[in-house]
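Q: Pasting in a structure now, in structure tokens, and then I'll have a few things to ask.
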Amino acid sequence: MNKKKILNDPVYGFINIPNELIFEIIEHPYFQRLRRIKQLGLTDYVYPGALHTRFHHALGAMHLMSRALQSLESKGHSISKEEYDAALIAILLHDVGHGPFSHTLEFSLFNDVTHEQLSVWMMERLNQEMNKALDLAIQIFQGKYHRPFFNQLVSSQLDLDRLDYLKRDSYFTGVHEGMVGSERIIKMLELHEDKLVVEEKGIYSIENFLNARRLMYWQVYLHKVAVSAEVMLIEIIKRVKELAQSGVHVQATPALSIFLERNITTKDFVEDEDIIEIYTLLDDGDIWGSLKFWPNHDDLILRNLSEMLLRRKLFKIEFSNEDFDKEVVESLNEKVISQYNIKPEQSNYFVKKGAVSNAAYIATGGTIDILKKNGEVVDVAEATDLPNIKALSQIVKKYYLCAPKMVFSDV
């Protein structure tokens, strides 16, 4: 059977699935699960069109990887078929470990396991099923392959993951400021000592990319309404876990119940082979399906928070350049205690403070290097005539305070 399929993507047009192995990976339940995990969590509460999934994003990133490798080959760089296929697989599976609502619940269902580590474990399971066909892809994903540019294309300050999600998220939210010239950036990629660099003539495209990333963080990823909804969902899961682990029955899907009733850690994933398989059954549907039962629960906190989130009666939230005064927070706590008739120590389910930060370019996390015409390689932040990039390297931090609107009127 011919398994060289073509998919129609709204962002790039036709995407080719180049071989049978990649087709088999896409067809696998681990990858199909990504259809049921939204790329932007609860951001559709702000931008109704933000309903695209991790499945869309992974395929788009694979398409960009193919374009990047073809561009590098056209410039005379040798890339074997094995390397080419492995790089496509590495980027295709880079997010396979994401759980329900992507980043929102990453540290709520369990405490010390990142989605990157989960991706590695799931890739290793796939590798066993597919007769070690993913050995090289896993090396590339983990940065262990001797040609570092492959890993840089998967995970770096200028990786194909970022190029896709900025363009895709901009498309589906309608926030056009996030649109990046991915094709031009890909054409400007070069290799220097097997490391990824950008030709000097592409420097302004990089500046636009970093500026688009900064704008998307404030307008989309850190939009205050999205932050409010995410905080509420995190508090709901926190309360459900507290109830379930104290012996109170809370109705949930079978897979979700395992993670609510137990404090699962890295040790559990390593020692219990069933845990990772149970995890692969989780998606957004487990949360929404279970959450629809919780407005009828006897617990006042869970009942109120769940109903508010389902009805989009979100916490009012304020951002500030300075941390909020202790007196303001205490006043909100007192109002919540009175309004909901709860214990003082329970008010922190309804009054939440924290901080978010935005840095478009952090050179300490790996630089974006520019290959100058004289052969010199310099960090983009040090390139002449680009004061904007130096400004984008500064971390901007904002504090937030949120609580139910009925008690927030005086803040």
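The values are calculated or read from the model by the stated rules, or taken from the named source; none is laboratory data. All values derive from a computational prediction rather than experimental measurement. So basically every Cβ, Gly included, is an ideal-geometry build from the backbone, and we count neighbours across all protein chains shown.
Q: How many residues does region 258-297 hold that are within 24 Å of the chain's Cα centre (by Cα), among the polar types (S, T, N, Q) and in a helix (DSSP H, G or I)?
A: Within region 258-297, residues that are within 24 Å of the chain's Cα centre (by Cα), among the polar types (S, T, N, Q) and in a helix (DSSP H, G or I) number 2.
Q: Now a separate question. Considering each residue of region 198-243, count those that are over 21 Å from the mean Cα position of the chain (by Cα), of a type outside the set (S, T, N, Q) and farther than 18 Å from PRO295 by Cα, and give that number.
A: The initial filter retains those residues of region 198-243 that are over 21 Å from the mean Cα position of the chain (by Cα), namely 198-208, 239-243.
After this cut, where a residue has to be of a type outside the set (S, T, N, Q) as well, the list is 198-204, 206-207, 239-243.
So of that shortlist, the ones also farther than 18 Å from PRO295 by Cα come out as 198-204, 206-207.
Count: 9.
Q: Quick one: which of VAL378, VAL396 is modelled with pLDDT of 90 or more and surrounded by 12 or more Cβ atoms within 10 Å (Cβ to Cβ)?
A: Numbers: VAL396 fails: modelled with pLDDT of 90 or more.
Every option except VAL378 fails the conditions.
Q: Looking only at region 230-257, which residues are part of a helix (DSSP H, G or I) and in contact with a Gly (Cβ under 7 Å, 6 or more places away or on another chain)? Quick ask: steps written out before the conclusion?
A: Going through region 230-257, the residues part of a helix (DSSP H, G or I) turn out to be 230-244, 254-257.
Listed by number, the list holds a single entry, GLU230.
Q: Oh, and also: Within region 51-64, does at least one residue satisfy the condition of being in a loop (DSSP other than H, G, I, E, B) and surrounded by fewer than 22 Cβ atoms within 10 Å (Cβ to Cβ)?
A: Among the residues of region 51-64, at least one is in a loop (DSSP other than H, G, I, E, B) and surrounded by fewer than 22 Cβ atoms within 10 Å (Cβ to Cβ), which makes the answer yes.
Q: When you go through (1) modelled with pLDDT under 95; (2) part of a helix (DSSP H, G or I); (3) surrounded by fewer than 16 Cβ atoms within 10 Å (Cβ to Cβ) one by one for TRP218, which number turns out not to apply?
A: (3)
Q: Further question on the same structure: Taking the criterion of being in contact (Cβ under 8 Å) with a residue 24 or more places away in the chain, in contact with a helix residue (DSSP H, G or I) (Cβ under 7 Å, 6 or more places away or on another chain), hydroxyl-bearing (Ser, Thr, Tyr) and under 28 Å from SER257 (Cα atoms), would at least one residue in region 113-121 satisfy it?
A: No, the conditions are met nowhere in region 113-121.
Q: Another question, then. Just give me the residues in region 4-48 being exposed (fewer than 14 other Cβ atoms within 10 Å of the Cβ), more than 19 Å from the chain's Cα centre (by Cα), at negative phi and without any contact (Cβ under 8 Å) to a residue 40 or more places away in the chain, in sequence order.
A: Passing the criteria: LYS4, LYS5, ILE6, ASN8, PHE14, GLU20, GLU27.
Q: Return the only residue of ILE342, ILE337, ILE362 being free of Cβ contacts under 8 Å to residues at least 40 places away in the same chain, β-branched (Val, Ile, Thr) and more than 25 Å from ARG262 (Cβ to Cβ). Working first, answer last.
A: On the way: ILE342 fails: free of Cβ contacts under 8 Å to residues at least 40 places away in the same chain; ILE362 fails: free of Cβ contacts under 8 Å to residues at least 40 places away in the same chain.
Of the residues listed, the single one that is free of Cβ contacts under 8 Å to residues at least 40 places away in the same chain, β-branched (Val, Ile, Thr) and more than 25 Å from ARG262 (Cβ to Cβ) is ILE337.
Q: Mind checking which residues of region 298-311 are over 19 Å from VAL336 (Cα atoms) and outside any helix (DSSP H, G or I)?
A: First pass over region 298-311, keeping only residues over 19 Å from VAL336 (Cα atoms): 310-311.
Within region 298-311, ARG311 is the sole residue that qualifies.
Q: Among (1) over 20 Å from TYR221 (Cα atoms); (2) in contact with a Phe, Trp or Tyr (Cβ under 8 Å, 6 or more places away or on another chain); (3) aromatic (Phe, Trp, Tyr), where does PHE55 come up short?
A: Checking PHE55 against (1) over 20 Å from TYR221 (Cα atoms); (2) in contact with a Phe, Trp or Tyr (Cβ under 8 Å, 6 or more places away or on another chain); (3) aromatic (Phe, Trp, Tyr), the one that fails is (1).
Q: Within region 137-161, how many residues are crowded, with 20+ Cβ neighbours inside 10 Å and assigned to a helix (DSSP H, G or I)?
A: Here the count works out to 12.
Q: Next up: Mind telling me which of the residues THR173, THR114 ends up being surrounded by fewer than 17 Cβ atoms within 10 Å (Cβ to Cβ) and among the β-branched types (Val, Ile, Thr)?
A: Exactly one residue qualifies, and that residue is THR114.
Q: Moving on to the next point. Which of the residues belonging to region 75-97 are surrounded by fewer than 22 Cβ atoms within 10 Å (Cβ to Cβ), of a type outside the set (D, E, K, R) and part of a loop (DSSP other than H, G, I, E, B)?
A: Correct list: GLY76, HIS77, SER78, ILE79, SER80.
Q: Has region 306-325 got at least one residue that is surrounded by fewer than 16 Cβ atoms within 10 Å (Cβ to Cβ), among the polar types (S, T, N, Q) and touching a residue at least 40 places away in the same chain (Cβ under 8 Å)?
A: Within region 306-325, one or more residues are surrounded by fewer than 16 Cβ atoms within 10 Å (Cβ to Cβ), among the polar types (S, T, N, Q) and touching a residue at least 40 places away in the same chain (Cβ under 8 Å).
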